[in-house]
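See below for the structure under consideration.
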Amino acid sequence: MIIRKATPADADRIAPLLLLAMEDIIFKFIGDRDQEKAKSFLLYFIKKENNQYSYQNCLVAEVGNEVVAAVNLYDGARLATLRQPVIEYIHKTCNKNLQLEDETGSGEFYIDSIGVNPDHRGKDIGAKLLRFLIDEYVNKQQKALGLLVDEENPAAKKLYLKLGFKGAGKIVFVGKRMEHLQINGRE
């Protein structure tokens with residue numbers, strides 16, 4: 001498996017993978033439960049630069065020449081700047097005055113979403129991708145790495161805890177009860 005920085009050419013393969021992880025949230029953003037509209041929303045931002053979902057903030061995992069997983073992550077200190085184009089787009093195109101809670105902040109690199117192709121689940125790809133991130137950000141750069149996990153997803157939480165993440169608080173994000181987990185390279 002090869003893990004690499006995403007390029008704009010990867011956008012069509014990244015969007016459905018990230019949507020797996022954040023479907024309900026995107027549905028709330030766009031005010032519609034249409035899968036294609038949600039994928040188009042993500043695709044629009046993945047192709048563009050300087051926003052939280054940009055290809056610039058994504059890594060992909062390839063097996064052979066197939067992208068089988070994607071992760072979206074960024075410096076939490078940049079959340080407001082990266083989120084602004086998304087909020088403006090939602091206001092203009094969806095006529096929604098969306099107010100979002102901060103899901104991250106200064107002091108951590110934030111794993112916004114991670115998605116593995118359903119045909120490749122059960123092959124340890126998600127765990128390998130997370131180990132790669134832990135090695136890059138926590139071990140090598142001595143940074144904190146954080147994420148939110150849905151309280152209704154105990155299997156994901158179990159994996160994160162097994163990899164060394166620890167509870168760092170709770171949050172309600174877009175109406176969903178989430179737990180903030182973090183692994184810190186400075187400990």
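Restricting segment 47-77 to residues that are touching an Asp or Glu at 6+ places or on another chain (Cβ under 8 Å) and not in a strand (DSSP E or B), which is nearest to L19 (Cα to Cα)?
The residue in question is Y53.
With over 19 Å from I26 (Cα atoms) and either surrounded by 17 or more Cβ atoms within 10 Å (Cβ to Cβ) or touching a Gly at 6+ places or on another chain (Cβ under 6 Å) (or both) as the only criterion, which of V63, V67 stands out?
Testing whether each residue is over 19 Å from I26 (Cα atoms) and either surrounded by 17 or more Cβ atoms within 10 Å (Cβ to Cβ) or touching a Gly at 6+ places or on another chain (Cβ under 6 Å) (or both) leaves just V67.
Would you kindly identify the strands (runs of 3 or more DSSP E) lying entirely within segment 114-187 that contain at least 2 residues that are small (G, A, S), surrounded by 15 or more Cβ atoms within 10 Å (Cβ to Cβ) and touching a residue at least 40 places away in the same chain (Cβ under 8 Å)?
By residue number, 144-150.
When you look at I111, is it surrounded by 19 or more Cβ atoms within 10 Å (Cβ to Cβ), within 30 Å of D32 (Cβ to Cβ), modelled with pLDDT of 95 or more and of a type in the set (V, I, T), yes or no?
Taking the combined requirement at face value, the residue satisfies it.
I'd like to know if segment 16-28 contains one or more residues that are at pLDDT 95 or above and among the β-branched types (V, I, T).
no
Looking only at residues that are among the aliphatic types (A, V, I, L, M) and in contact with a Phe, Trp or Tyr (Cβ under 7 Å, 6 or more places away or on another chain) in segment 81-107, which one is surrounded by the fewest Cβ atoms within 10 Å (Cβ to Cβ)?
Narrowing segment 81-107 to residues among the aliphatic types (A, V, I, L, M): 82, 86-87, 90, 98, 100.
After this cut, where a residue has to be in contact with a Phe, Trp or Tyr (Cβ under 7 Å, 6 or more places away or on another chain) as well, the list is 82, 86, 90, 98.
Working: L82: 22, V86: 19, I90: 19, L98: 14.
The qualifying residue surrounded by the fewest Cβ atoms within 10 Å (Cβ to Cβ) is L98.
The values are calculated or read from the model by the stated rules, or taken from the named source; none is laboratory data. All of these numbers come straight from a predicted model, not from anything done at the bench. Please note: Cβ atoms are built from the backbone with ideal geometry, for glycine as well, and neighbour counts cover all protein chains shown.
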